[in-house]
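S.K.: Submitted below is the structure of interest, expressed as structure tokens.
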Amino acid sequence: MLLRLLRDVISSLKKPVEPDVLRRAIELRNQSLHDEAIKTLTMLLECKPDSVAALMLRGVAKRESGRLHEAMADFARAEELDPHDPHCIYELAAGWYALGNHRLALEYCERGRRIAPDSDMLFALLAQIKLGGEFYIDVLARILDQVKPRTYVEIGVFRGNSLRLAKPPTLAIGIDPEPQLIAPLAENHKVFAETSDAFFAGRDLRAELGGLPVDVAFIDGMHNFEFALRDFANLERHCTRGSIILIHDCYPLDQESAGRAPRAVNWSGDIWRLIVLLKKYRPDLSISTIGTPPTGLGLVRNLDPNSRFLFDHNDRLCEEFLALDYSYLDEDMPGKLNLFPNEWGKIRALIE
Ligand SMILES: C[S@@+](CC[C@H](N)C(=O)[O-])C[C@H]1O[C@@H](n2cnc3c(N)ncnc32)[C@H](O)[C@@H]1O
């Protein structure tokens, strides 16, 4: 009854009704009344077959109600009408991924990244397609849960999402010049609002940890290689042979996100250089890069608190590795960065 009325309204009125009908369809979809939303949009499309908004909305409603093939037909038609709509390209990429066509999914993702380089959704989907498995934060949670470290040091806290994974009785220290915590700290957490360089220059980490060494550390601060190198060297001094240093963002997704100029979103920077450096000059270390989306998680063991090499040769090392071009990774990136399968059984064996 309501639908008949809507159809009459749409066909009889001369004034534009598209926005009202779209709004109504959105309301229906928000109430999970997908079939009603699809019928409403179908009527609108009978009058306005080239409405990209209606096609997109109907496609989403169809996808959400499990009719993915039909949804893809709507997205494909929307793409014909507007080939530069990032939302449409994302839906096509995600749809092809869900349908098992990874080649087409990748093509759409890469095209979408060129049109909307700041889209989080396209970045995350591209990472999921390329790497697969659990995101870094879930793998970090598993590692902390498995190791149950006495101490945890995190460089780069941001909202506190990763720091909060360190549960009592772990004593957890976060270092970040601009933390933006979204929840109060727990009793086992302490955050120093300063750069990691200032922290290591002015404080004694071991004293802050009550005399204990660093059991697990996570480097996720400034995303330029030379900062991560200093963070690594400063942390290693406080480790034992059995400690673990985790390094975020060392398996870049593409050249765009691996640039040195800071970007507000989707920025892994050139941390990958640190893995290449450690492989070349610290063969005593055990180095793996777990292929976690979005941009890998380095895991370094067999640390040597007495090693001076990274401190003593800092300038020379920076010069050598900053001269490496991204194209160095064109051939055999997995081999060059010691890619390790993102499978919990294998990761657990690695840290046991
Ligand atoms: C990607 S965020 C960290 C995200 C967090 N680890 C997580 O997984 O939720 C990077 C953080 O590093 C911080 N940062 C930037 N420069 C830094 C520095 N020199 N020392 C320590 N932290 C720094 C930024 O303020 C930002 O909050």
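Just so it is clear, none of the values below were taken in a lab; they were calculated from the coordinates. Predicted, not measured: the structure shown is a model, and the values here were computed from it. We place every Cβ from the backbone using ideal geometry, glycine too, and count neighbours over all the protein chains shown.
S.K.: Please give the charge dipole size of the chain, origin at the Cα centre, charges +1 on K and R Cβ atoms and -1 on D and E Cβ atoms. Round to the nearest 20 debye.
M.R.: Using only the charged Cβ atoms, the result is roughly 800 debye.
S.K.: Put +1 on the Cβ of each Lys and Arg and -1 on the Cβ of each Asp and Glu in region 136-351; which of Gly269, Pro168, Ala193 then has its Cα farthest toward the positive end of the dipole?
M.R.: So the residue we want is Pro168.
S.K.: Can you find, among Asn306, Ala258, Ile182, the residue sitting farthest towards the positive end of the charge dipole of the chain, where Lys and Arg contribute +1 and Asp and Glu -1 at Cβ?
M.R.: Ile182
S.K.: Given a cut-off of under 8 Å on Cα pairs at least six residues apart, what relative contact order in percent is computed for the chain?
M.R.: Answer for the chain is 12 percent.
S.K.: Let me ask another. Mind scanning Lys148/Lys346; Lys130/Lys346; Lys148/Lys336; Lys39/Lys62; Lys148/Lys190; Lys130/Lys279 and naming the pairs with a C-alpha gap bigger than 22 Å?
M.R.: Over 22 Å Cα-Cα: Lys148/Lys336; Lys130/Lys279.
S.K.: Per residue of the chain, what 222 nm ellipticity follows from adding -39500 (n - 2.57) for every DSSP H run with n ≥ 4, rounded to the nearest 500?
M.R.: So the calculated ellipticity at 222 nm is -14500 deg cm²/dmol.
S.K.: Might you report the magnitude of the Cβ-based charge dipole of region 2-130 about its Cα centre, with Lys and Arg at +1 and Asp and Glu at -1, to the nearest 20 debye?
M.R.: Roughly 180 debye, rounded to the nearest 20.
S.K.: Sticking with this one: Sort Cys47, Cys88, Cys109 so that the residue with the fewest other Cβ atoms within 10 Å of its own Cβ comes first and the one with the most comes last.
M.R.: Least to most surrounded, the residues fall as Cys47, Cys88, Cys109.
S.K.: Roughly what % of DSSP beta bridges within region 136-351 run antiparallel, to the nearest 5?
M.R.: 30 percent
S.K.: Which one of Gly112, Phe135, Ala78 has its Cα pushed farthest toward the positive end of the charge dipole of region 76-167, where Lys and Arg give +1 and Asp and Glu give -1 at the Cβ?
M.R.: Result: Phe135, furthest along the dipole toward the positive end.
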